[in-house]
Amino acid sequence: MRLRFAWQPVLALALLILASFFPSMTMGALDAEANPTATVQVPFDGTSTLISLLLAAGAILSLVRLPKTAEALILLVASFGAAWMLVSGISGAEGSALAPFFLKLAASWFLAWRAASVLSNLSPISASARTLLRLLVPALFGAWVLILWEAIVRGAGVPFILLPPPSAIGLRLVSSVPTLWADVNQTIFKSVIAGYVAGCGLGFGAAVLADRYGFLRRGLLPIGNMVSALPIIGVAPILVNLLGFDWQSKAAVVIVMTFFPMLVNTIAGLSASGHMERDLMRTYASNYWQTLLKLRLPAAMPFIFNALKINSTLALIGAIVAEFFGTPVVGMGFRISTEVGRMNIDMVWAEIAVAALVGSLFYGGLALAERAVTFWHPSVRGG
Amino acid sequence: MDRSLKLLSFSAAMNVIASPLKPADVVPRPSGASVVEARGLGLTFKTNDGPVQALTDVNLSIGKGEFVSFIGPSGCGKTTFLRVIADLERPTAGTIHVNGMTPEQAREARAYGYVFQAAALYPWRTIEHNVALPLEIMGIGKAEREERIKRTLALVNLSGFEKKFPWQLSGGMQQRASIARALAFDADLLLMDEPFGALDEIVRDHLNEQLLQLWARTNKTICFVTHSIPEAVYLSTRIVVMSPRPGRVTDVIESTLPHERPLDIRETPEFLAIAHRVREGLRAGHSYD
Ligand SMILES: Nc1ncnc2c1ncn2[C@@H]1O[C@H](COP(=O)(O)OP(=O)(O)OP(=O)(O)O)[C@@H](O)[C@H]1O
Ligand SMILES: [Mg+2]
C-alpha cells in the first residue's frame, strides 16, 4: 500500500491523539462520571468515540494513494460528519466544552482544508465540472467559517449579545422574513436605488459637461473633493432635517456620496483615450458628439465601471447610516439601531446578513456587466 | 449646406474605383493641379527646453497623382510635415494649401486618409467595425459600408479576419487593417507615416507592390514617410530628402523609373543609381552635425 503524505491529515491525527489523553469532552460528562447516580443528559454520550473514529478513518484513508475525487469525498464526509456531531452534541450544554472538543473541531477543520486543496488541484475536462469546482471551493470555505463560528461560540459559551451563533441568526432571519422584506423594500428599493441611479447619472452628466466646458471642470472638481471629504455623519442629519424622514432624504445622502466618485472617474476616463486615437477622429472631421460616442466613452468605460462598483458599496452604507437619524418605522438602518437598543443582536445580524447578500448580488451583477462591456481591456481579456 | 455636395463628389469618386480596372500604364498621370503646395513653411514647437525648429523654409509642390516619399534621419520633421498637411499641427511660418484650400478646410472636406505610425485600432471594435469607423462618421449607408469593408479588407489580404478583435492579430495584420481603414473612404490624398515600418520584408514587399497597384489604378496622390531607401525608390515618383536640426528639405529627387514596376526592378542599374543619389543626399544632411 503506497502512501501520499499531506500535512493536514497528519496534523489532524496528532490532534486526535492529543485529545485521547483527556477523559471527557465537556464538563457535563465530567460531572456525570463523578456522580454516576444522577440522571442528567450526558453530552456526547457515545458519539465522542464515534467522532474520533470517523476523523481518524478519514485522515488515514486520505493518506492512502486513492483517486483524487475519492479522497476528497472521504475527507468531506469525515469532516462534515464530525462537525455535525460536534455542533449538535454541544447544544443544550453550551459553554461547557473542554479541550478535546476544540481539538476535534480543529482536526475536522484540517480535514476539510485538505479536501479543499485536493479539490482545487483537480482539473476536470468538462466545462460544467470546472464551473462546479470553482463554486465548490469558496462554498466550502464559507461553510467552514459558519461551522467554526457556530461551534466555538456554543462550545465556549460566548454570551448571546456579544456574538450569536449563526444558527440563531438563521432562525431569526427565516422567522422575520416579512419584516426584513419591508426593510429591504424601504432601504434598498427606495433609498438606495433612487439615490444610486440619480447620483451616478448626475455625476456622469456633470462629467460630460465639465469635460466640454473647462471652467465647469475647474469649478466642480475642487468643490467635489471638498464635499466627498465631508463626513456622512454630518451630512445625513442635515439632509434628514431638510427633506423629512422618508426615503427621499436617504436618497439625497446617497446622491451626495455617489455623485463625486462618478464625476471624478468619468472625467479621468474621458481623457483616457490616446492622442493618436483622437487625432484619427480629427482626420475624419468627426464632430464632438461622434468622438464622444465612438471613442471617448468606450475608452472611459473601465473608469465608469470602477465608479459604479465603488458607489454600490457607498450607496448601501449611506442609506443605512442615514436612517439612524430619523426614518419612518421601517428600514434596515432603523431596524439595526432599534434592535441594538433592545439587545436583539440576532436581528441586527440578520439585517447585516441581508445587507451583505444584497450588496454582493449588486456588486456581482456590476462585475458581470463590466466584463461584458470592457471585454477588450487588457485587464479583462488577459484573465 | 455642402454636406450633400460632399457626398455627391464622394460617390463620384467611388464610381472611379468601382469601374473596371484599367491597366496601370494606360492611366494618364496629370501633373497640373497641385494637391499640396507649401511655401516657406516653418513650424517651431515651444517646449520647456526652448523652441524646437521642426520645420524651416519648406517649399514643396506635390501634383495630383504623384507618389512622394519623405526620407531622412529621425527627428527631421517628416511626421510633422504630414501632420501639418493633415491640419493636426498649425505651421508657425509660411503658407500651405491642400487642394487649394487651407489644411483645415481640406480636413473638413475629408480630403485625405491618414495612416499613423502605429495602427491605432480601437480595441472594442472588431476589424470590420474599425474599418467601418470613418464610414460611420461620414454617414455612409450600411449596405455600402459592408461592400467597402469587404473590398478594402481583401485589398490588404485580411479577408476572413473581419470578426477578430485587433488584439487577436499580429502587429503587421493590425497595421494592414489600419491601412484598410484609411482606404475605405477613398480620399484622393493618402498620408502614410511609416506604415510598413513594423512589418517583415516579405509582407512589406507584398504591400509595396499592392500599394503601387492601388496608386496606379486610382490616381491617388500619396505622401509616404519611410526610413528605407529601397522602399522610397521603388514606390515614388519623387523622393524628398530631409535633414534635422533644424528640420528642412535638402534634396528632391525625381524618379526616372517607369510606372510599371515589378519587384525585381530593384536590381536594375537605374534603380541602384537613384538609391545611390538618395543615400548621398542623406549623408550630406548628416554631415551638418
Ligand atoms: N508635439 C511636439 N512638441 C515638441 N516637439 C515636437 C513635437 N512633435 C515633434 N517634435 C519635435 O520636432 C522634431 C521633428 O519631429 P518629427 O516627429 O516630425 O520627426 P520624424 O522625422 O517623424 O522622426 P521619426 O523618423 O523618428 O519618426 C523632433 O525634434 C521632435 O522632437
Ligand atoms: Mg515620425
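The values are calculated or read from the model by the stated rules, or taken from the named source; none is laboratory data. Bear in mind that the values here come from a model prediction, so they are computed numbers and not experimental data. Every residue, glycine among them, receives a Cβ derived from its backbone with ideal geometry; neighbour counts consider all protein chains shown. Only protein heavy atoms, including side chains, enter the accessible area calculation; ligands, DNA and RNA are left aside. Shrake-Rupley method; radii C 1.70, N 1.55, O 1.52, S 1.80 Å.
In table form, for the structure just shown:
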quantity	calculated
Rounded accessible area of A:Leu30 (nearest 10 Å², 1.4 Å probe)	70
Whole-number percent relative contact order across segment A:173-382, with pairs defined as alpha carbons under 8 Å at least 6 apart	27
FRET efficiency for A:Lys68 and A:Thr47, using Cβ-Cβ distance with R0 set to 25 Å, rounded to 0.05	0.25
With DNA, RNA and ligands ignored, accessible area of B:His259 (1.4 Å probe; Å², nearest 10)	80
Using a Förster distance of 35 Å, the FRET efficiency for A:Tyr288-A:Phe189 (Cβ separation, nearest 0.05)	0.40
Value of [θ]222 nm, deg cm²/dmol, for the protein assembly as shown, DSSP H segments ≥ 4, -39500 (n - 2.57) each, nearest 500	-19500 deg cm²/dmol
Long pairs among A:Lys294/B:Lys220; B:Lys142/B:Lys220; A:Lys190/A:Lys294; A:Lys250/A:Lys309; B:Lys78/B:Lys220, criterion Cα-Cα beyond 30 Å	A:Lys190/A:Lys294
Label-point separation in nm, B:Thr250 to A:Ile60, each point 7 Å along Cα→Cβ	9.0
Amide H contacts of B:Gly94 (H built 1.01 Å from N, under 5 Å, at least 5 apart or other chain)	B:Gly42
Label-to-label distance, nm, for residues given as B:Arg279 and A:Asp246 (7 Å Cα→Cβ offset)	8.8
Equivalent ellipsoid, the protein assembly as shown (semi-axes from 5 times Cα gyration tensor eigenvalues, Å)	73, 34, 21
Leading residue at positive end of dipole, segment A:7-158 (Cβ point charges), from A:Trp109, A:Ala72, A:Ala143	A:Ala72
Under the Karplus curve 6.51 cos²θ - 1.76 cosθ + 1.60, θ = phi - 60°, whole-Hz ³J(HN,Hα) for segment B:183-189, x wherever Gly or Pro sits	7, 4, 9, 6, 6, 7, 10
Amide proton proximity set for B:Glu66, modelled H, under 5 Å, gap of 5+	B:Ile222
Coil-residue chymotrypsin sites (Phe, Trp or Tyr not before Pro) of segment B:195-232, DSSP, other Cβ within 10 Å capped at 13	none
Note, ³J(HN,Hα) from phi for segment A:252-259, Karplus 6.51, -1.76, 1.60, rounded to Hz, x at Gly and Pro	5, 4, 4, 4, 4, 6, 9, 4
Separation between Cα centres of segment A:254-281 and segment A:147-222, rounded to whole Å	26
Rounded to the nearest 20 debye, dipole of the protein assembly as shown from Cβ charges on Lys, Arg, Asp, Glu	400
Inter-chain shielding of B:178-185 (mean C-beta neighbours from other protein chains, 10 Å cut-off)	1
Residue with peak Gaussian network fluctuation, chain A [Cα springs, cutoff 10 Å], from A:Ile161, A:Ile320, A:Ile147	A:Ile161
Inter-probe distance in nm under a simple model that places probes 7 Å from Cα toward Cβ, at A:Met226 and A:Ser120	4.8
Qualifying lysines (Cα of each under 29 Å from Cα of A:Lys104; at least 8 residues distant if same chain)	A:Lys68
Accessible solvent surface per residue of chain A, calculated while the other protein chains remain in place, 1.4 angstrom probe, Å²	49
Amide H partners (placed H, <5 Å) of B:Ala111, local residues excluded	none
With every protein chain in place, chain A: carbon and sulfur % of accessible area (1.4 Å)	72
Exposed-site-free run, longest, chain A (rule: trypsin sites (Lys or Arg not before Pro); DSSP loop; at most 16 other C-beta within 10 Å)	A:66-341
Relative counts (whole %) of C-alpha pair distances in chain A, using bins that are 10 Å wide	5, 17, 19, 19, 18, 13, 6, 2, 1, 0
Over segment A:7-158, relative contact order from alpha-carbon pairs under 8 Å, at least 6 apart, %	32
Accessible area buried, both sides summed, chains A and B with 1.4 Å probe, Å²	2200
Whole-number percent relative contact order across chain A, with pairs defined as alpha carbons under 8 Å at least 6 apart	15
